[in-house]
Amino acid sequence: MAIKRVGSQTVKLENPPAIISSHSIVGPKEGEGPLKAYFDLILEEDLWGTESWEKAESKIQEECIKGAINEAGLSTKDIDYLIAGDLLNQIIASGYSARQLGIPYFGLYGACSTMTESLSLGAMLMDGGFADKIVCATSSHFSTAERQFRFPLEYGNQRKMTAQWTVTGAGATLISPSGPGPYIKCITTGKIIDPGIKDAANMGAAMAPAAMDTLINHFKDTGRDPSYYDLIISGDLGYVGKDIVIDMMKKEGYDLSKNYTDCGVEIFDRSLQDTHAGGSGCGCSGSVFNGYIIKEMKKGKFNKVLLMSTGALHSTLITQQGESIPGIAHAVVIENKREG
Amino acid sequence: MDKLNKKEYQKFSDKKSPKPKYLKNIVMAFLVGGIICAFGQVIINFLKSLGLDEKAVGAGTSIILVFLGAILTGLGVYDKIGKVGGAGAAIPITGFANAIVSPAMEYKREGFIFGVAAKMFTVAGPVLVYGIGSSVIVGLLSLLFRR
Amino acid sequence: MEYVKAFAVGGFICVIGQVILDNTKLTPAHILVTFLMVGVIMGALGIYDPILEFGGAGASVPICGFGNSLSKGAVEGVKTKGLIGAFTGGIEATAAGISGIILFGYIMAIIFNPKTKN
């Protein structure tokens with residue numbers, strides 16, 4: 001009998017793990033965006049002294065993880081598990097950063113949903129009593145994603161208006177059984193929902209139904225409604241997906257118009273930065289959560305946050321074979337108060 | 001969401017998706033494509049003035065335009081022209097050059113055999129396959145129906 | 001006048017491509033192949049010549065001009081060399097551009113590194 005389960009898809013943590021430190025690193029373009037004041041490090045150029053974009057992404061993730069560990073005054077030896085993932089084939093950015101760090105490592109592939117997937121699993125491991133210190137991390141890089149999923153950088157194509165801009169950046173969260181918080185209280189794990197969208201340049205629309213499914217099940221399982229939270233924030237639905245979610249959730253009887261937004265909407269200034277439908281990538285919710293949200297929670301602007309990273313679990317190969325894009329969304333509830 | 005009607009959702013999401021700037025795109029495609037072609041005419045006339053025959057003029061024009069497309073890609077300019085001009089930058093032969101040079105550059109770090117040389121044709125390879133393949137078929141058909 | 005014609009014809013061909021791009025899910029690579037094939041077919045039927053006559057570079061510089069050259073070359077090859085000409089004619093007529101782009105592509109890849117977009 002799973003005593004910590006609530007409803008169909010949600011678990012409530014008996015001993016909510018504390019987030020004892022967090023770190024975020026972003027590329028130059030993200031560093032010019034509206035959230036620039038919140039990031040721990042803004043790179044001047046996105047190769048960061050390495051020979052390739054892939055190596056740069058791995059370095060960004062590695063340095064970000066080290067940053068979180070240093071901030072907590074710990075060393076890599078103190079960490080029991082590293083749970084990380086990214087967008088690249090065989091999640092090499094994470095594998096190669098874990099190679100340098102020497103921490104027992106679980107690699108995840110959840111596409112852009114990785115941040116909350118790693119937080120979910122990390123928090124459950126901790127509540128289960130299996131670890132004292134866990135780092136949950138993820139990264140993405142515009143240039144590695146472009147060449148893997150789209151076109152060469154110097155190719156002169158026009159981006160569609162629904163296309164999103166992959167964030168160059170990483171986020172790492174260090175959790176521990178005790179500490180001043182904020183705390184991970186509750187986890188709703190998403191199902192794969194495939195609305196049949198085949199256009200890889202319209203990810204927001206492809207992922208929005210998965211986000212809504214997770215939200216609705218979260219509200220049903222917990223008996224809460226959207227007004228319980230100061231902030232409900234999805235990972236990278238962008239402008240198109242955000243709009244769809246607000247509209248369709250209203251039809252389902254949930255009013256998200258006041259406290260809901262999306263990391264991909266917040267990270268760039270659409271009018272100045274020509275990012276079309278907003279930001280995307282693992283690093284989008286990774287850097288916005290570990291930069292903006294946690295810092296604002298510590299200041300007390302937000303006390304109850306539902307973070308829901310969204311992922312599209314397709315590949316270029318399977319879309320060429322005519323398959324549609326399956327979406328997924330994992331929600332994690334973070335609160336300043338441990339009780340209740 | 002399990003009972004989501006896919007057809008209705010496709011329609012709904014299409015409605016929610018921002019549309020391309022049709023008029024601006026058409027005007028820019030016309031301008032960029034037109035300028036590249038007019039420049040091609042300049043080269044043709046210049047080569048003619050050197051007294052070259054028709055075949056040499058055609059070959060020379062191709063080489064010069066392809067070279068310009070390649071160097072502008074190398075310098076990181078052609079992707080910006082393409083962003084503004086869309087099809088106006090893609091359809092002229094300079095765009096064909098861009099489609100070959102950009103993956104060649106992109107995959108340099110994967111080596112000169114499996115990287116540069118193998119990936120060179122990832123975008124433009126189909127043009128050569130269909131172009132050359134169909135030209136042989138056209139030749140064979142003309143042989144069949146010649147008399 | 002020549003330049004205006006080249007500008008107008010070339011621009012018009014590109015506009016057709018842009019309209020297709022903006023209204024379908026096709027990528028620029030699809031457009032390149034489609035326009036090339038249209039050029040090949042029109043060349044085979046001999047109906048690309050009037051456009052070439054009128055538009056000059058406006059008709060020869062777009063990829064359909066390349067397709068036209070390929071198929072005209074193959075027909076020409078058959079006339080002079082028979083069966084072998086069907087196989088050699090197309091590439092012969094377009095050899096300058098193809099060889100040029102392979103060499104230039106390789107050289108550019110050696111000299112330059114791709115830069116990220118911003």
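Can you give me the Rg/Rh ratio for the stretch A:5-176, using Cα atoms for both radii and the Kirkwood formula for Rh?
Checking Rg against Rh, the ratio lands at 1.00.
Within the stretch A:139-181, list the residues whose amide N lies under 14 Å from a label point set 7 Å along Cα→Cβ of B:Val27.
Backbone N within reach: none found.
Sort the stretch B:21-144 into rounded, prolate or oblate with this rule: let a ≥ b ≥ c be the square roots of the eigenvalues of the Cα gyration tensor; rounded if a/c is under 1.5, and if a/c is not under 1.5, prolate when a/b is larger than b/c, oblate otherwise.
Judged from the Cα gyration tensor, the stretch B:21-144 comes out rounded (a/c under 1.5).
Among all the aspartates and glutamates, which ones have a C-alpha under 15 Å from A:Lys133's C-alpha, if same-chain residues fewer than 8 places away are not counted?
Reachable aspartates and glutamates: A:Glu71, A:Asp78, A:Asp80.
What residue among A:Phe302, A:Phe142, A:Gly204 has its Cα farthest toward the positive end of the dipole of the protein assembly as shown, where the charges are +1 on Lys, Arg and -1 on Asp, Glu, each on the Cβ?
Farthest towards the positive pole: A:Gly204.
If one computes the Cα centroid of the stretch C:83-117 and of the stretch A:283-340, what distance in Å separates the two points?
A separation of 46 Å, based on Cα centres.
Taking the stretch A:243-339, which GluC sites (Glu not before Pro) meet the DSSP loop condition and have no more than 10 other C-beta atoms within 10 Å?
For GluC sites (Glu not before Pro) across the stretch A:243-339 that sit outside H, G, I, E and B with at most 10 neighbouring Cβ atoms in 10 Å, the list reads A:Glu339.
Give me the percent of DSSP beta bridges within chain A that run antiparallel, rounded to the nearest 5.
On the way: 36 of 57 bridges.
Restricted to chain A, the bridges split so that about 65 percent are antiparallel.
Could you work out the helix-only [θ] at 222 nm for chain C, with each DSSP H run of four or more residues adding -39,500 (n - 2.57) and the total divided by the number of residues, to the nearest 500 deg cm²/dmol?
When only DSSP H runs of four or more count, the value is -28000 deg cm²/dmol.
In debye, nearest 20, what is the charge dipole magnitude of the stretch B:1-74 about its Cα centre with +1 on Lys and Arg Cβ and -1 on Asp and Glu Cβ, if you could check?
680 debye
Counting only residues 5 or more places away or on other chains, whose amide H sits under 5 Å from the amide H of A:Leu13 once H atoms are built in the peptide plane?
Long-range HN contacts for A:Leu13: A:Cys186, A:Ile187.
Roughly what would the spin-label model give for A:Asn303 and C:Leu83, points 7 Å off Cα along C-beta, in nm?
Using points 7 Å along Cα→Cβ, the separation is 8.9 nm.
Percent antiparallel among DSSP beta bridges with both residues in the protein assembly as shown, to the nearest 5?
Beta bridges within the protein assembly as shown, antiparallel portion: roughly 65 percent.
Quick one: length gained pulling A:Ala37 to A:Lys251 fully straight, 0.36 nm per residue minus the C-alpha distance?
Numbers: separation 214, 0.36 × 214 = 77.04 nm, distance 3.68 nm.
Taking A:Ala37 through A:Lys251 to full extension adds about 73.4 nm, to one decimal.
Can you check what the Kirkwood hydrodynamic radius comes to for the protein assembly as shown, Cα pairs only, in Å to one decimal? Walk me through the numbers on the way to the answer.
Numbers: mean 1/r = 0.0387 Å⁻¹.
Taking every pair of different Cα atoms in the protein assembly as shown, averaging 1/r and inverting gives 25.8 Å.
Set the Förster radius R0 to 41 Å, insert the Cβ-Cβ distance between B:Ile137 and B:Lys15 as r into 1/(1 + (r/R0)^6), and round the FRET efficiency to 0.05.
0.40
So how do C:35-42, A:88-95, B:32-39 stack up, highest first, on mean other-Cβ count within 10 Å?
B:32-39, C:35-42, A:88-95
Applying 1/(1 + (r/R0)^6) with R0 = 22 Å to the Cβ-Cβ distance of B:Ile113 and A:Phe149, what FRET efficiency is obtained, to the nearest 0.05?
So the FRET efficiency works out to roughly 0.35.
Normalised radius of gyration for the stretch A:183-335, please: alpha carbon Rg relative to 2.2 N^0.38 Å, two decimal places.
This ratio for the stretch A:183-335 stands at 1.00.
Loop only per DSSP, at most 15 neighbouring Cβ atoms within 10 Å: give me the GluC sites (Glu not before Pro) in the stretch A:34-70, ordered by residue number.
On the way: sites: A:Glu44, A:Glu45, A:Glu51, A:Glu54, A:Glu57, A:Glu62, A:Glu63; in loops: A:Glu44, A:Glu45, A:Glu51.
Filter output for the stretch A:34-70: A:Glu44, A:Glu45, A:Glu51.
Filter A:Lys4/A:Lys77; A:Lys55/A:Lys198; A:Lys29/B:Lys24; A:Lys29/A:Lys55; A:Lys185/A:Lys299; A:Lys198/B:Lys3 down to the pairs with a C-alpha to C-alpha distance above 22 Å, please.
Where the Cα-Cα span goes over 22 Å, the pairs concerned are A:Lys4/A:Lys77; A:Lys55/A:Lys198; A:Lys29/B:Lys24.
Over all Cα pairs of chain A, how is the pair count split among 20 Å bins, expressed in % and running from 0 up to the last occupied bin?
Reading upward from the zero bin: 35, 60, 5.
For the residue pair A:Glu323 and C:Met1, what label-to-label distance in nm results when each label sits 7 Å from Cα along the Cα-to-beta-carbon direction?
Here the modelled spin labels are 6.0 nm apart.
What is the Rg over Rh value, at two decimals, for the stretch C:2-111, using alpha-carbon atoms and the Kirkwood definition of Rh?
On the Cα set of the stretch C:2-111, Rg over Rh gives 1.03.
Give me the dipole magnitude in Debye, nearest 20, for the protein assembly as shown about the Cα centre, with unit charges on the beta carbon: positive for Lys and Arg, negative for Asp and Glu. Mind dumping the intermediate values first?
On the way: 57 positive and 54 negative charges, 199 e Å.
The dipole of the protein assembly as shown has a size of about 960 debye.
Angle between the Cα long axis of helix B:125-144 and the longest principal axis of chain B, 0 to 90 degrees, nearest 10?
60 degrees
Report the number of Lys pairs in chain C whose alpha-carbons are under 28 Å apart, with separation of 8 or more residues or on distinct chains.
Summing the qualifying lysine pairs gives 4.
So what is the calculated 222 nm ellipticity per residue for chain A, using -39500 (n - 2.57) for each DSSP H run with n of 4 or more, over all residues, to the nearest 500 deg cm²/dmol?
Helix-only estimate at 222 nm: -9500 deg cm²/dmol.
Mean-square fluctuation check for chain A, GNM, Cα pairs under 10 Å: which of A:Ser315, A:Ser24, A:Ser140 is largest?
In the Gaussian network model the winner is A:Ser315.
Only four residue types carry charge here, +1 at the Cβ of Lys and Arg and -1 at the Cβ of Asp and Glu. Report the dipole size of chain A about the Cα centre in Debye, rounded to the nearest 20.
740 debye
Every number here is computed from the coordinates shown, using simple stated rules; none is lab data. Note that the coordinates shown come from a computational prediction; the quantities given were computed from them, not determined experimentally. So basically every Cβ, Gly included, is an ideal-geometry build from the backbone, and we count neighbours across all protein chains shown.
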